[in-house]
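Undergrad: One structure, pasted below without further comment.
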Amino acid sequence: MSDSLLRTEKVTFSYSRKGAKVLDEMDIDIPVGKKTAILGSNGAGKSTLFSVLNALNKPASGKVYYKDAPMSYSHSGKIRMRSEVSILFQNPNEMMFKPYVEQDVAYGPENMKLPKEEVEERVQEALFAVGMEAYRKSPIMKLSYGQRKRVTLAGVLAMRPSVLIMDEPTAGLDPQMAYEVMEIAEQLNSSGVTVIMSSHDTDLVYSWADEIRVLNSSKCVYSGIPEPFYEDYQLVQKAGLLMPSVYRMNRTFANLGKCELEPYPHTQSQLSVKISDRCATDFGVMNVVKVDKDTDIPALLASEGLEGLPIGIYGMSARTARNKTEMSVDFMYNGPENCIRKCLSGEDSVLLCDPIMVDKAVSSADFINGNGYGKIDVRTV
Amino acid sequence: MMTELFRLEDVTFAHNPNVPPVMDGFSLTIEGGRRTAVLGANGAGKTTLFYTLTGVHRPQKGQVLYNGSPIDYTREGLRDLRSDVAVVLQNPDEQIFCSLVEEDVAFGPLNLGIDRDEVEARVEKALRDMRISEYARRPLQQLSGGQRKRVAIAGALAMQPKIMIMDEPTAGLDPQASMEVMELAEKLRLNGVTVLISTHDIDLVYRWADVSDVLNKGKIEFTGDADEFYSDPERVYDCGLLIPSVYGMNKDVSAVNGMDASPYPHSCSEFTAKFGRPSEVGTVYCVPVEEAEAADRYDSVMKDMRGMCTGVYGPDVRYALRERDVEFRFDAVDACFLKAVEGKDTVLFYDPIYDVSVKEQAKRLGAFGADIRTEAVR
């Protein structure tokens with residue numbers, strides 16, 4: 001009936017009978033296939049909501065629907081929900097169950113009673129997806145915090161969930177690792193997984209999310225695209241949040257007559273193109289090059305005559321193929337955005353891209369091409 | 001005037017002889033009164049550096065000078081050092097000692113031998129600065145991670161240190177709470193405390209810091225002006241860092257528009273002033289006011305300034321005006337300046353101690369072509 005994958009109806013939950021209601025008749029819906037951010041101050045109920053969405057906690061009253069069917073709290077129902085809706089918790093150390101990487105990643109699928117070969121296949125695939133194949137036999141104790149985060153993410157992926165929930169996925173990670181995690185989530189979303197994230201990083205969320213849900217005082221106080229929410233400063237304040245800086249600056253530039261308010265830019269390059277003086281004709285070409293994990297990148301670039309251009313990388317197969325060569329890459333992180341930035345400065349660029357991410361990469365030029373800010377030619381190779 | 005607080009001379013430290021050193025020949029000076037950012041990827045040695053500054057780690061090689069003399073590692077020496085240097089750890093649970101919030105905040109100062117009345121006054125102030133007075137008698141276990149973080153910061157504030165080291169002070173805090181922490185850091189500085197912050201929030205710290213010390217794989221990679229560091233993207237990548245978004249946008253738009261990248265905007269208001277080229281700028285009406293008078297002042301000032309946007313800056317005034325309709329309750333200086341860039345007038349209420357800071361920021365904004373007026377309201 002709806003495009004919502006998960007939905008709560010008047011869900012109330014508290015951790016003890018007399019305790020405060022952490023969720024109070026909450027109505028919330030999660031659209032299928034999209035990237036939804038859950039925002040709210042500390043203690044707004046985000047983590048509790050997540051535990052209700054994968055049947056870890058049963059609401060005291062109200063209903064939770066998954067694919068329009070009420071959630072079952074039978075043993076098998078719960079096991080099923082946990083494989084459908086996987087949560088990446090904030091602290092990886094809370095999610096480590098086994099001493100060795102491969103055992104830990106296999107833990108979830110084994111609990112699902114899958115045949116051995118299937119478990120093995122999933123472990124391999126998940127470790128590849130997070131770039132940790134080489135650490136398969138390593139003891140978890142020896143891994144850094146960021147590596148542990150990736151292993152826990154692999155454990156979540158091995159469940160092949162339809163919904164991935166990430167609770168503060170970038171907290172405690174340094175900026176590069178934070179981008180890696182976000183890129184993995186992007187890759188999953190490209191393959192059809194619905195992704196939900198909570199984060200206190202206002203700017204990150206604004207550049208990432210299709211839609212937001214705002215929790216305040218145990219209720220969901222806003223559902224939809226971000227802009228109408230950020231218009232309402234009283235609501236933003238009450239929810240313990242701040243306006244994204246790109247949003248604020250765009251508004252100021254619009255008030256100064258430097259650009260129109262809409263379309264709203266969500267990334268640096270989008271704001272830059274709105275306010276720069278460049279005439280629209282001399283943008284560079286973005287070459288999106290599909291790269292499998294076995295592609296010989298230097299040979300491919302040579303045959304396409306794309307040598308010597310600034311190179312960005314996007315997606316796991318491209319990263320794997322690149323690691324087999326000695327070639328240097330200009331943008332290891334945030335590839336599409338950085339390649340677009342190069343094009344805006346008039347240079348051509350190359351984005352080495354996982355085939356599954358090509359549509360996403362190509363669409364990163366849509367804001368510019370679709371709104372009359374000029375034309376970046378995107379060539380898919 | 002800058003004074004040298006800490007000097008590290010070729011400091012090497014390894015957790016045990018069989019592993020590579022976490023600090024491998026660090027030479028670094030930390031000057032008093034400067035907002036100092038310590039940057040680096042996970043594992044670069046930031047936390048180890050902080051433990052070295054408080055004498056927890058004693059280097060195997062090289063020496064650490066505090067106020068010109070080598071750190072005295074005797075019990076008394078370390079007690080003196082730690083009464084000057086407070087650290088807020090990334091994980092608040094590592095520095096929680098007592099079961100009740102107020103006891104925990106009092107723990108440090110009591111250990112220094114300060115008398116109970118004074119400790120009580122400090123605890124009350126610290127709790128209020130962190131907006132956790134209502135939890136004073138609550139057991140810490142019942143608090144959320146963000147609340148425990150506030151308790152840990154309050155505990156450090158109650159020490160009234162000369163140097164405040166904050167390791168990831170905003171990690172896990174919601175956006176408003178992060179802004180409060182940065183306001184507090186500024187207040188500490190204005191009170192003469194030297195503040196060191198390490199954080200992965202590149203954008204936040206780019207706005208804040210006077211000097212950036214970048215650590216990479218056990219070495220000091222860079223020390224100085226952040227804009228110089230970020231001008232070398234390869235080096236930034238190699239250090240596990242990324243370029244702050246305002247820095248990146250300034251570079252892009254300056255290049256396209258044929259403008260000089262310098263001066264480098266560090267805040268939203270500076271960025272919009274540089275590229276929005278406002279023909280007319282607004283006035284920020286400044287109302288430095290003590291907490292006790294803030295509400296009355298607000299009511300009388302706003303009678304004359306009806307309809308203008310207002311902002312509050314500083315924990316005391318924010319608390320005093322919590323019932324008033326204030327548009328910018330957090331990050332208000334930048335927000336009011338942004339309005340001024342748009343040509344609109346605003347009224348900014350703030351704790352009197354921030355006066356210097358507001359004027360400094362207005363002066364900086366002048367360098368970007370927006371000579372906003374800051375006018376004291378009588």
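The values are calculated or read from the model by the stated rules, or taken from the named source; none is laboratory data. This one's a predicted model, so the numbers in the text were calculated from it and none came from an experiment. Quick reminder, even Gly has a Cβ in these numbers, built from the backbone with ideal geometry, and neighbours come from all protein chains shown.
Yes or no, residue by residue, for (1) within 25 Å of A:Ala178 (Cβ to Cβ); (2) within 24 Å of the chain's Cα centre (by Cα); (3) not small (Gly, Ala, Ser):
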site	(1), (2), (3)
A:Ser272	yes, yes, no
A:Ser317	yes, yes, no
A:Val329	yes, yes, yes
A:Asn334	yes, yes, yes
A:Phe367	yes, yes, yes
A:Gly372	no, no, no
A:Thr380	no, yes, yes
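Undergrad: What are the residue pairs meeting all of these: first residue in the range A:340-361, first residue within 14 Å of chain B (Cβ to nearest Cβ), second residue acidic (Asp, Glu) and crowded, with 20+ Cβ neighbours inside 10 Å, Cβ atoms under 9 Å, and 6 or more apart or on different chains?
TA: The qualifying pairs are A:Arg341/B:Asp252; A:Leu344/B:Asp252; A:Ser345/B:Asp252.
Undergrad: I would also like to ask the following. Of the residues B:Val236, B:Val253, B:Val214, B:Val181, which is buried (at least 19 other Cβ atoms within 10 Å of the Cβ) and under 20 Å from B:Leu89 (Cβ atoms)?
TA: None of the other options fit; the residue is B:Val181.
Undergrad: Find the helices (runs of 4 or more DSSP H) located wholly in the range B:135-238 whose residues include 1 or more that are within 24 Å of A:Leu39 (Cα to Cα) and either within 13 Å of chain A (Cβ to nearest Cβ) or in contact with a strand residue (DSSP E or B) (Cβ under 7 Å, 6 or more places away or on another chain) (or both), and list them.
TA: Per the criteria, B:145-158, B:175-190, B:202-208.
Undergrad: Do we find that B:Val301 is outside any strand (DSSP E or B) and either polar (S, T, N, Q) or more than 14 Å from every other protein chain (Cβ to nearest Cβ) (or both) in this structure?
TA: yes
Undergrad: Among residues belonging to the range B:308-330 that are part of a loop (DSSP other than H, G, I, E, B) and closer than 21 Å to A:Ala254 by Cα, point out the one that is farthest from the other protein chains (Cβ to nearest Cβ).
TA: Among residues in the range B:308-330 that are part of a loop (DSSP other than H, G, I, E, B) and closer than 21 Å to A:Ala254 by Cα, the one farthest from the other protein chains (Cβ to nearest Cβ) is B:Met308.
Undergrad: Moving on to the next point. If I filter the range A:226-233 for residues that are in contact with a Gly (Cβ under 9 Å, 6 or more places away or on another chain) and touching a residue at least 24 places away in the same chain (Cβ under 8 Å), do I get at least one hit?
TA: Taking every residue of the range A:226-233 in turn, none turns out to be in contact with a Gly (Cβ under 9 Å, 6 or more places away or on another chain) and touching a residue at least 24 places away in the same chain (Cβ under 8 Å).
Undergrad: Which condition number in (1) of a type outside the set (Lys, Arg); (2) free of Cβ contacts under 8 Å to residues at least 40 places away in the same chain; (3) over 22 Å from A:Lys219 (Cβ atoms) is the one that A:Met71 fails?
TA: Unmet for A:Met71, out of (1) of a type outside the set (Lys, Arg); (2) free of Cβ contacts under 8 Å to residues at least 40 places away in the same chain; (3) over 22 Å from A:Lys219 (Cβ atoms): (3).
Undergrad: Somewhere in the range B:46-59, is a residue over 23 Å from B:Gly77 (Cβ atoms), within 14 Å of chain A (Cβ to nearest Cβ) and at pLDDT below 95?
TA: For the range B:46-59, residues over 23 Å from B:Gly77 (Cβ atoms), within 14 Å of chain A (Cβ to nearest Cβ) and at pLDDT below 95: present.
Undergrad: Quick test for you: out of A:Lys78, A:Lys35, A:Lys67, pick the one residue that is in contact with a helix residue (DSSP H, G or I) (Cβ under 8 Å, 6 or more places away or on another chain), of a type in the set (Lys, Arg) and closer than 25 Å to A:Gly192 by Cα.
TA: Matching residue, one of A:Lys78, A:Lys35, A:Lys67: A:Lys35.
Undergrad: Right, next: For the subset of the range A:135-177 comprising residues that are of a type in the set (Lys, Arg) and over 15 Å from A:Glu102 (Cβ atoms), which member is farthest from the other protein chains (Cβ to nearest Cβ)?
TA: Looking at residues that are of a type in the set (Lys, Arg) and over 15 Å from A:Glu102 (Cβ atoms), I get A:Arg160.
Undergrad: Failed condition for B:Cys336, given (1) surrounded by fewer than 24 Cβ atoms within 10 Å (Cβ to Cβ); (2) within 17 Å of B:Arg207 (Cα to Cα); (3) out of contact with any helix residue (DSSP H, G or I) (no Cβ under 8 Å at 6 or more places or on another chain), with all others met?
TA: It fails just one condition, (1).
Undergrad: Would it be correct to say that A:Ile311 is in contact with a Ser or Thr (Cβ under 9 Å, 6 or more places away or on another chain) and within 12 Å of chain B (Cβ to nearest Cβ)?
TA: For A:Ile311, the condition - in contact with a Ser or Thr (Cβ under 9 Å, 6 or more places away or on another chain) and within 12 Å of chain B (Cβ to nearest Cβ) - is not met.
Undergrad: Still on this structure: How many residues does the range A:47-58 contain that are surrounded by fewer than 23 Cβ atoms within 10 Å (Cβ to Cβ) and under 16 Å from A:Ser199 (Cβ atoms)?
TA: Qualifying residue count, the range A:47-58: 2.
Undergrad: Exactly one condition in (1) modelled with pLDDT of 90 or more; (2) more than 18 Å from A:Ser41 (Cβ to Cβ) is false for B:Met179; which is it?
TA: That leaves (2) as the condition not met.
Undergrad: On to the next question. If I go through the range B:256-279 residue by residue, how many of them are within 10 Å of chain A (Cβ to nearest Cβ) and surrounded by fewer than 18 Cβ atoms within 10 Å (Cβ to Cβ)?
TA: Total meeting the criteria: 5.
Undergrad: Being free of Cβ contacts under 8 Å to residues at least 12 places away in the same chain, within 19 Å of A:Gly374 (Cα to Cα) and not assigned by TED's automatic domain parsing to the domain that holds A:Glu227 narrows it down to one residue among A:Glu326, A:Glu262; which is it?
TA: A:Glu262
Undergrad: If you don't mind, another one. I need the full set of residues from the range A:112-130 which are over 14 Å from A:Glu102 (Cβ atoms) and not in a helix (DSSP H, G or I), in order please.
TA: The answer is A:Met112, A:Lys113, A:Leu114, A:Pro115.
Undergrad: Given (1) farther than 21 Å from A:Ala185 by Cα; (2) within 14 Å of chain B (Cβ to nearest Cβ), identify the lone condition not met by A:Gln268.
TA: (1)
Undergrad: Got a sec? Which of A:Pro99, A:Pro92, A:Pro109 is within 14 Å of another protein chain (Cβ to nearest Cβ) and either closer than 30 Å to B:Asn91 by Cβ or under 24 Å from the mean Cα position of the chain (by Cα) (or both)?
TA: A:Pro92
Undergrad: Further, regarding this structure: Within the range B:244-276, take every residue that is closer than 19 Å to A:Val246 by Cβ and of a type in the set (D, E, K, R) and give me the one that is farthest from the chain's Cα centre (by Cα).
TA: B:Asp252
Undergrad: To continue, here is another question. If you take the residues of the range A:217-230 that are within 14 Å of another protein chain (Cβ to nearest Cβ) and at pLDDT 95 or above, which of them is farthest from B:Arg322 (Cα to Cα)?
TA: Selected residue: A:Pro226.
Undergrad: What are the residues in the range A:255-281 that are among the aliphatic types (A, V, I, L, M) and crowded, with 18+ Cβ neighbours inside 10 Å, if any?
TA: Passing the criteria: A:Leu256, A:Leu271, A:Val273, A:Ile275.
Undergrad: Considering only the range A:1-66, give the strands (runs of 3 or more DSSP E) lying wholly within it that have at least 3 residues that are closer than 29 Å to A:Leu242 by Cβ and at pLDDT 90 or above.
TA: Output list reads A:4-13, A:23-31, A:35-39.
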